[in-house]
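First comes the structure, then the notes that go with it.
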Amino acid sequence: MSNLDRLAEPVRRWIWQQQWTKLRDVQEKAIPAVLAGGDVVVSAKTAAGKTEAAILPLLTRVLGREEREAAGFAILWVSPLKALINDQFSRMEALCETCSVPLHRWHGDVSASAKKRARERPSGVVLITPESLEATLVRRGREAGRLFGDLDAIVVDELHAFIGSERGMQLQSILTRIEVAAGRERIDRIGLSATLGDMWLAAEALRPGGGDRVTLVDGLDPGNGVRLQIRGYEIARSRPLPEDGKAGPTNDEAEEAKDSSTPTETEAPLVPKPVADDLFRLLRGRSNLLFAGSRDRVEVYADTLRAMCEDQRLPNEFFPHHGNLSKAEREDVETRLRDDPRPTTAVATTTLELGIDIGDVDGVAQIGPGSSVASMRQRLGRSGRRAGKPSVLRIFAVEDAIGPGGSPVDRLHLDLVQSIAMVECLKDGWCEPPSIGGLHLSTLIHQILAVICQTGGIRPTTAWRLLCERGPFRTVDRALFVELLRGIAAPDVRLVEQSPEGLLMIGEEGEHVTATHDFYAVFATPEEYRIVHGSRTLGTKPMDQTIAPGQTMIFAGRRWRIVEVDDRARVVTVKPAKKALPPAFGGDWAGAHDRIVETMRAVLAGEETYAYLDATAEKLLADAREAWRDLALATTPILSSGRGVVLFPWVGTRKLETLALALMARDFVASVDGHVIEVDDAHPKAVAEVLAEMAASPPPDPQPIVDRVAKPVRAKFDGFLPKGLMDLVTAIERLDVASVPEVAARLVGSRD
DNA sequence: GACCTGCTGCGGCGTG
C-alpha cells in the first residue's frame, strides 16, 4: 500500500489534481519518517522530488493539529538562495491554497509591506533566507517567542550547501537561538540534501551533537547511465598568454584604430584553436553547460565561441553565466535554457551547479579537472534527466607540447592525470567530505554581537552556554570564549563592553558594525565597481585591480572599452569595442584533497588503460608515464632542477603548503606550484638532510610556520581577533602541522 | 590555479 493514504485529505486532493499516478521513491520513504516526528535528512539528487517529499507530510501534520489560541508560523523553510525561494514559492502556492495554509516569501527582494503583514499575523509556511532570519532576531528579538513559539518543524533546504561553511555555522546557531527564544526543548528539523559520501555528516550538520538520532531517508536513483570522455589536446605554445589586466591599452586614437585590426599571426589565441574548433563542433546546435573553471575563462570561452558564430554568420548560442554578471544578464541565459527551443550553451562557473531550475541539458563539458569530485558529480547530474537519456560529460584536458628535455613537472601532464584521478574517484563512489572542525571565531564574534542585540544584553556564561555548549561552536571551551571576549572588549577594539551588572553590551565600534545592513551576512564581500553600458548594468568587478579609461575588457561575453570611471559612485561606464582583453577577477586556489593526489601518483605509476580517454589523451598519458620512469620518480621524489630542487610528496594541497612553510621556517626559499614544492638555490642533499630530520622528529613548533602564512585575515571579522587567536585559527583551519613528519618521510623514506 | 551566497529601517518624493 502506498503511503499516499496517510496524507491529509486536501493534500491528497492536490496530488490528484496534479494527475500523479504514483509517488516517487524518495517521497514514499519520506512520508512515514516525517509523519513520525523527530529529525530527518532526506537525500536524493536534484529534481527527484525532495520538496514534495517534505512539504506533503508536513502539511498533513499542520492540518492535523488542533486549533490553538496563540498564532505563530507553523513551518520555517530556510533556503540559501533568493532564486530558490522564488522557485519553491511557485511550486507550493496551489498546494498551500488547497490546504488553506498561508504561504509567505521572506527575503531582501520581497516588499517590506508583505514582510510586515507576515510578521503581524504569523501563520502557515514561511520561506526565508538565513540572513532575513538573522535580521528578524537582531531587530525584533522580543517578538521571537510570538513568531516562532508554535513552530511544528524547521526545514533546511540544500543542507549540503551549508555544511562546514561560515553560513552553515550561522544557520545552526540561529536554529538554536530560535529554540531557546521559543522556550522549546527542541523543534523538529528536516534537512533536504544532495547525496554525500558520508550521510552522517549531513545528520550532524542538521543537529550538531545529535546526528546519531537523525532518521536518514535516501531516495533511489535508477539513472540512465553515464557517457564520459576525457579529450586530450597537445598545444605548442609559441608565446605565453597575455598577463591578465596588466596590458590594458591607453586611451588614444591609435588604440581606437587597433580595435578593428585582426590579431597578428604571432599572437597566441586565448583559447587554442583545436580546442575552440572541437567545442564549437560538439556543442553548437544542442543545449549544453560548459564549465570553464573561473570567471575570466568563462568570459574568454564565451567570447571566442560567440565570435566563431559571427564569423560563420550563424546566430549566437553561447552565453556567459557567473556571479559577477547582473541578475538580468543571468536570468536571460537561464530563461533561454529552460523555455526557449533554440539551442543554447551556458558557459558557466559553479553558478549553474546548484538548484536553479534550468531544465535538462543534452551535455556537460568542462575545461580541466575542475575543483572537486563533488562538483564533478553535481555537474554530471545536470544532464541525462529525461527518460532514456544518459548523462554526458566531456572533460577537455589541454596540455603543453613538451619534449624529453622539458621541465620535469610539465612532462607529467598533471592536469590530464588529475582529471583521470578524479574520474576514478568518482567511479569509486567517493567524493570530498565537507571540511568541518574549524574554530570559526569570526562567525562566533558575529553571533555574540547578534545575541546581544537580540536580548538587549546577556551574561558571558549564558552566551557561552547558548552558542558553544548548546549551539554549534563546540570546539570553543570556556577559557577560549573568555579570551575571545577579552579580545573584542579591548580598549582598541570595543566591539563589546560589560555593564556594571556584568551584562555583555554592544561597544562603541560594535554600534557601527551592527547598525549597517551589511551586518546580517557572516561572509565577507569585496568592494566592487558596477559595469554600466547605457542604462543597463552588465555586472560588477572587484576593485583591487587598477581600472582606467581606455582599457578594454571582455565582459558579459562581449567586448568593451572603458569610457569613464567614477570612483565615488563606483561605476565604470563602457562602450562596445571590436577587440578586448580578458577581465581579471583574481581568486584563491582551494586545492586538491589527499585522496585525489594519491590517486594521481597511482595513475602515473600504474599501467592501467582507461576506456574514456581519446587518442590524444592516451598519447599524453603514455608520455607522462614515460617521464615518470625516466625521472625515476617512484624511488626519487626529490629532483634536482636547474639551481634548485623539486619535491614530489604526492599529498593534498593543505599538507603540501604546510611542508613548504615548514621549509621556509628552516630558511629555504620554498613555494608550492600545483602539486609540487619548488626550492630555489638549494642542493638536493641539503634539503634531504632537513627533511630526514623533520621525518624523525615530532611535529615542529607551529608558530614560525604560522608566521609565514601570507594573508591570515580572511573571514569577515578576523580583523577584530587578537594575534594569538588569529594564529590559532590559521593553524587549525589552514595548516596541518601534525602531518609534517609523515610528509617529510614520504620524501626521504624511500631513498634509504 | 576557485566559486558562491545575503540585507533593515527610514526619510523623501511622486502617484492614485
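The values are calculated or read from the model by the stated rules, or taken from the named source; none is laboratory data. In this text, all values refer to a predicted model and were calculated from it rather than measured experimentally. Here Cβ is always computed from backbone atoms with ideal geometry, including for glycine, and neighbour counts include all displayed protein chains. Surface areas here come from the heavy atoms of the whole protein model, side chains and all, with no ligands, DNA or RNA. Shrake-Rupley method; radii C 1.70, N 1.55, O 1.52, S 1.80 Å.
Table for the structure above
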| item | result |
| --- | --- |
| Test: A:Gly164 is within 10 Å of DNA strand B (Cβ to nearest atom), open to solvent by 20 Å² or more (accessible area, probe 1.4 Å) and part of a loop (DSSP other than H, G, I, E, B) | no |
| Per-region count, region A:651-674, residues under 14 Å from A:Leu747 (Cα atoms) and open to solvent by 10 Å² or more (accessible area, probe 1.4 Å) | 1 |
| Number of the exception - A:Val361 against (1) within 11 Å of DNA strand B (Cβ to nearest atom); (2) open to solvent by less than 20 Å² (accessible area, probe 1.4 Å) | (1) |
| Some residue of region A:461-471 being assigned to a helix (DSSP H, G or I) and among the hydroxyl-bearing types (Ser, Thr, Tyr) | yes |
| One residue from A:Gly225, A:Gly209, A:Gly248 being within 28 Å of A:Gln378 (Cβ to Cβ) and modelled with pLDDT under 95 | A:Gly225 |
| Of all residues in region A:369-389 being open to solvent by 30 Å² or more (accessible area, probe 1.4 Å) and of a type in the set (A, V, I, L, M), the one that is nearest to DNA strand B (Cβ to nearest atom) | A:Ala374 |
| Hits in region A:417-457 - residues which are surrounded by fewer than 22 Cβ atoms within 10 Å (Cβ to Cβ) and of a type in the set (Gly, Ala, Ser) | A:Gly429, A:Ser435, A:Gly437, A:Gly438, A:Gly456, A:Gly457 |
| So A:Thr335, is it out of contact with any Pro (no Cβ under 6 Å at 6 or more places or on another chain) and either crowded, with 21+ Cβ neighbours inside 10 Å or of a type in the set (Lys, Arg) (or both) | no |
| Given (1) buried (at least 19 other Cβ atoms within 10 Å of the Cβ); (2) within 10 Å of DNA strand B (Cβ to nearest atom), index of the condition A:Arg140 fails | (1) |
| Filter result (under 26 Å from A:Val513 (Cα atoms) and either outside any helix (DSSP H, G or I) or without any contact (Cβ under 8 Å) to a residue 60 or more places away in the chain (or both)) within region A:727-752 | A:Asp727, A:Thr730 |
| Complete set of residues in region A:563-595 that are in contact (Cβ under 8 Å) with a residue 40 or more places away in the chain and β-branched (Val, Ile, Thr) | A:Val571, A:Val572, A:Thr573, A:Val574 |
| Qualifying residue in region A:556-565 (condition: closer than 30 Å to A:Leu449 by Cβ and either within 16 Å of DNA strand B (Cβ to nearest atom) or β-branched (Val, Ile, Thr) (or both)) | no |
| Residues that are outside any helix (DSSP H, G or I) and open to solvent by less than 50 Å² (accessible area, probe 1.4 Å), drawn from region A:1-22 | A:Ser2, A:Leu7, A:Ala8 |
| Top-ranked residue in region A:390-404 [being under 29 Å from the mean Cα position of the chain (by Cα) and of a type in the set (Gly, Ala, Ser); ranked as surrounded by the most Cβ atoms within 10 Å (Cβ to Cβ)] | A:Ala397 |
| Residue list for region A:566-599, restricted to those being within 16 Å of DNA strand B (Cβ to nearest atom), open to solvent by 80 Å² or more (accessible area, probe 1.4 Å), at pLDDT below 95 and farther than 23 Å from A:Ala715 by Cβ | A:Arg570 |
| Residues satisfying the stated conditions in region A:281-332, i.e. open to solvent by less than 10 Å² (accessible area, probe 1.4 Å) and among the β-branched types (Val, Ile, Thr) | A:Val298 |
| Subset tally (residues that are within 16 Å of DNA strand B (Cβ to nearest atom) and in a helix (DSSP H, G or I)) for region A:472-522 | 9 |
| Single match in A:Ala83, A:Ala33 (criterion: modelled with pLDDT of 95 or more, surrounded by 14 or more Cβ atoms within 10 Å (Cβ to Cβ) and among the small types (Gly, Ala, Ser)) | A:Ala33 |
| Filter pass, A:Thr537 being of a type in the set (S, T, N, Q), away from DNA strand B (no atom under 12 Å from the Cβ) and not assigned by TED's automatic domain parsing to the domain that holds A:Leu137 | yes |
| Condition check for A:Arg177: in contact with a Leu (Cβ under 8 Å, 6 or more places away or on another chain), within 18 Å of A:Val78 (Cα to Cα) and of a type in the set (Lys, Arg) | yes |
| A:Phe148 vs. criteria under 29 Å from A:Trp200 (Cβ atoms), near DNA strand B (Cβ under 10 Å from one of its atoms) and aromatic (Phe, Trp, Tyr) | no |
| Sole residue being crowded, with 21+ Cβ neighbours inside 10 Å and touching a residue at least 40 places away in the same chain (Cβ under 8 Å), chosen from A:Val687, A:Val679 | A:Val687 |
| Filter pass, A:Glu52 being on the phi < 0 side of the Ramachandran plot and open to solvent by 30 Å² or more (accessible area, probe 1.4 Å) | no |
